[in-house]
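Asker: Sharing a structure below in C-alpha cells format, with a few things to ask.
The values are calculated or read from the model by the stated rules, or taken from the named source; none is laboratory data. As the structure is a prediction and not an experimental result, all values here were calculated from the model. A quick note on method: Cβ atoms are made from the backbone with ideal geometry, for glycine too, and the neighbour counts reach across all protein chains shown.
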Amino acid sequence: MSTFALLTIAALGVLLLLLLVIKAKVQPFVALLIASLFVALASGIPTGDVMKVMTAGMGSVLGSVTIIIGLGAMFGRMIEHSGGAESLAESFSKKLGPTRTVAALTIAAFILGIPVFFDVGFIILVPIIYGFAKVAKVSPIKFGLPMAGVMLTVHVALPPHPGPVAAAGLLNADVGWLTIIGLLISIPVGVIGYFVARSLNRRNYMMSIDVLEQLQLAKPEPAPADRVPLTDRMNPPSAFLISALIIIPIAIIMMGTVSATVMEAGSPVRDLFSLLGSPGIALMIALVLAFYFLAIRRGWTLQHTSDVMGGALPTVAMVIMVTGAGGVFGKVLVESGVGKALADVLMTIGLPLVPAAFIISLALRASQGSATVAILTTGGLLSEAAVGLSSLQLVLVTLSMCFGGLGLSHVNDSGFWIVTKYLGLSVSDGLKTWTVLTTILGLCGFAFTWLVWLVV
C-alpha cells in the first residue's frame, strides 16, 4: 500500500477517534479500540490476525505500566489519606513566611504532584487554598493557579503517571532516565509557571457564588466520598516524612540508572542497583515504607490499611484500561506500516522528531482534551520514526510529546473544569488564565527538551 494511502488511513483513524470521544462521548477506552480496528482492517492486516495484533498491543503496554501505575496510585492514596498533603503544604508555608506563602504552597504542590494524580491532588489541596485565601483576604486563584500548573506539569512529565510511563513503553525509552531528565526539566518549567501565574493574577477575576460562600467557612467540608475517619488524620505525618517518602523512590531510580551507566556490565553491584532502581521495585520500597510510617506506626489496623491501599485501584482501573487501549492503537499503527510511512514523510520534509512529537501531541490534546490519550496516540504514530535513536534521544522524544499533552487545556478537558470550578472562575476567565498557563508551560517544557536534544 502506498505511503499516501497509509497516511490517509491514519488520519481517518485519528479523526474517527476524535469524533467518537468529542461528539459521540464514547469512553476513550472503547473509542481507541474502535479506531484501532478500523485502521487494522483498512490497512490490510489479515482479518485472522487483527485480534492477535490488538491483543499483543494491549499486553505489551500493560506489561510495562500496570505495576508502576498501580503501586504509584496506592502510594499516593496513603499520603492523601493520612493527611500528609495538608501537612506538607502548611509546613512549607510556615517555614517560608506569609510573604512567600504562594511560593511555599507551589513547592508543596510540585512535590505532592509526583506520586498523586493531578485531579485528586488538586482537590485534596482545595481546603488549604481556601483557608489561606480567607486569611489573606484574596481570591483563591492567587494560590490555586500556580499550584494547579505545577501539579499538571509533573503529572504529564514524570513517572509513575500513566502518560509518560506508557509513552516510554511505546518508544522503548528508559523510565529511569525519563524520571531524571523529566524532573530536571520540570523544575525550571514549574518556576516559570509560578511567575507566569503571578503575572496573570495581577488582574482581579469575578468569583462564582459557590466559592464566595465557601470562603465564609474556615475550612470547607469535603465531599461525602472524600471523607475519611477523623482518626486517620489526627496527628498527621510531618512534612519531612512525606518529602522523604516521595524523594526516596526517585533517588533509588536515579541510583539504578546512574549505576547502569558508570559500572561495568556483569558487575553484581550494578545488577543489584539495576534491580532496586527499576521503577516497580523502587515504588514497592516506597509503599512498604509508607505502610509502616503512615499506617502501622500511626495505629491503623492491618485491615483498614489494606482497605485504604485497595481503594486506590478502582480509581486507576480506567486509566490502566485507556493506557492499554492506547497500546493497541500504537501496535496496529506499527503493524499496518503507518508508523514507517510517517517516519519516511518526516525525513522527506526534514521536520525534526522532537518538534514533530510536540506538535502532534499538542494538536491531539487541543482536539480531544485528554493529555494521556494525546501522548499515547502520538507515541503510537512515532514509534517507528524513533527506531535507531539512542536511549537519551528516546527519552527526549517521549518528553516532547508529554509536554505537548500539557498545553491547551480548555473546555473539552476535565482538568479545566476541576480548576475553574474550585477556583470560582468563569469559562471566559478560565481560558484567559488556565488555558494560557498550561500552554506556556507546555511550550517551555518543549523548549528545554529541544535544547537538551540540540546539546546532546
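Asker: Over 27 Å from the mean Cα position of the chain (by Cα) and touching a residue at least 24 places away in the same chain (Cβ under 8 Å): is that true of Leu33 in this structure? Spell out the reasoning first.
Answerer: Numbers: over 27 Å from the mean Cα position of the chain (by Cα): no; touching a residue at least 24 places away in the same chain (Cβ under 8 Å): yes.
So Leu33 does not fit the description; no.
Asker: I need the full set of residues from region 172-211 which are at pLDDT 85 or above and assigned to a loop (DSSP other than H, G, I, E, B), in order please.
Answerer: Result: Asn172, Ala173, Asp174, Asn201, Arg202.
Asker: Assess whether Arg298 counts as being surrounded by 12 or more Cβ atoms within 10 Å (Cβ to Cβ), more than 29 Å from the chain's Cα centre (by Cα), charged (D, E, K, R) and modelled with pLDDT of 85 or more.
Answerer: The answer is yes for Arg298.
Asker: Can you name the residue in region 86-97 that is touching a residue at least 12 places away in the same chain (Cβ under 8 Å) and surrounded by fewer than 24 Cβ atoms within 10 Å (Cβ to Cβ) and, of all such residues, is nearest to the chain's Cα centre (by Cα)?
Answerer: My answer is Glu86.
Asker: Quick one: in region 321-334, of everything that is of a type in the set (A, V, I, L, M), surrounded by 20 or more Cβ atoms within 10 Å (Cβ to Cβ) and modelled with pLDDT of 80 or more, which residue is farthest from Asn235 (Cα to Cα)?
Answerer: Checking each candidate, the answer is Val332.
Asker: Any idea how many residues of region 409-435 are over 16 Å from Val126 (Cβ atoms), at pLDDT 90 or above and crowded, with 18+ Cβ neighbours inside 10 Å?
Answerer: 2
Asker: Okay, next question. Going through region 131-171 one residue at a time, which ones are at pLDDT 90 or above and not in a helix (DSSP H, G or I)?
Answerer: Residue satisfying the conditions is Leu158 alone.
Asker: Which ones in region 22-38 are part of a helix (DSSP H, G or I) and hydrophobic (A, V, I, L, M, F, W, C)?
Answerer: Ile22, Phe29, Val30, Ala31, Leu32, Leu33, Ile34, Ala35, Leu37, Phe38
Asker: While we're on this one: Do we find a residue being in a helix (DSSP H, G or I), among the hydrophobic types (A, V, I, L, M, F, W, C) and touching an Asp or Glu at 6+ places or on another chain (Cβ under 7 Å) anywhere in region 257-279?
Answerer: Taking every residue of region 257-279 in turn, none turns out to be in a helix (DSSP H, G or I), among the hydrophobic types (A, V, I, L, M, F, W, C) and touching an Asp or Glu at 6+ places or on another chain (Cβ under 7 Å).
Asker: Can you tell me which residue within region 109-127, out of those that are at pLDDT 85 or above and of a type in the set (A, V, I, L, M), is surrounded by the most Cβ atoms within 10 Å (Cβ to Cβ)?
Answerer: Ala109
Asker: Here is a further query. In the set Leu313, Leu289, which member is at pLDDT 85 or above, under 26 Å from the mean Cα position of the chain (by Cα) and within 21 Å of Ile67 (Cβ to Cβ)?
Answerer: Leu289
Asker: Now, a different point. Considering every residue within region 62-85, establish whether at least one is in contact (Cβ under 8 Å) with a residue 24 or more places away in the chain and more than 24 Å from the chain's Cα centre (by Cα).
Answerer: Taking every residue of region 62-85 in turn, none turns out to be in contact (Cβ under 8 Å) with a residue 24 or more places away in the chain and more than 24 Å from the chain's Cα centre (by Cα).
Asker: Give the residue, chosen from Leu12, Leu41, Leu19, Leu105, that is without any contact (Cβ under 8 Å) to a residue 60 or more places away in the chain, within 22 Å of the chain's Cα centre (by Cα) and in a helix (DSSP H, G or I). Before you say what the answer is, go through the steps one by one.
Answerer: Values: Leu12 fails: within 22 Å of the chain's Cα centre (by Cα); Leu41 fails: within 22 Å of the chain's Cα centre (by Cα); Leu19 fails: within 22 Å of the chain's Cα centre (by Cα).
It is Leu105.
Asker: Checking Lys52 against (1) surrounded by 14 or more Cβ atoms within 10 Å (Cβ to Cβ); (2) over 23 Å from Leu362 (Cβ atoms): exactly one of these is not met. Which one?
Answerer: (1)
Asker: Tally the residues that are outside any loop (DSSP other than H, G, I, E, B) and among the acidic types (Asp, Glu), restricting the search to region 397-456.
Answerer: The total comes to 1.
Asker: Among the residues of region 436-446, which ones are among the polar types (S, T, N, Q) and surrounded by fewer than 20 Cβ atoms within 10 Å (Cβ to Cβ)?
Answerer: Thr439
Asker: Shifting gears a bit: Of the residues that sit in region 147-204 and are hydroxyl-bearing (Ser, Thr, Tyr) and crowded, with 24+ Cβ neighbours inside 10 Å, which one is nearest to Val452 (Cα to Cα)? It would help to see each step written out before you state the result.
Answerer: Within region 147-204, the first condition is being hydroxyl-bearing (Ser, Thr, Tyr), and the residues that meet it are 153, 179, 186, 194, 199.
Now narrow it down to the ones that are crowded, with 24+ Cβ neighbours inside 10 Å: 153, 179, 186.
Working: Thr153: 18, Thr179: 15, Ser186: 13 Å.
It comes out as Ser186.
Asker: Can you name every residue in region 123-161 that is touching a residue at least 40 places away in the same chain (Cβ under 8 Å) and over 23 Å from the mean Cα position of the chain (by Cα)?
Answerer: Answer for region 123-161, where residues must be touching a residue at least 40 places away in the same chain (Cβ under 8 Å) and over 23 Å from the mean Cα position of the chain (by Cα): Tyr130, Gly131, Ala133, Lys134, Ser139, Pro140, Lys142.
Asker: What about Glu335, is it among the acidic types (Asp, Glu), touching a residue at least 12 places away in the same chain (Cβ under 8 Å) and out of contact with any Leu (no Cβ under 9 Å at 6 or more places or on another chain)?
Answerer: Working: among the acidic types (Asp, Glu): yes; touching a residue at least 12 places away in the same chain (Cβ under 8 Å): yes; out of contact with any Leu (no Cβ under 9 Å at 6 or more places or on another chain): yes.
In short, yes.
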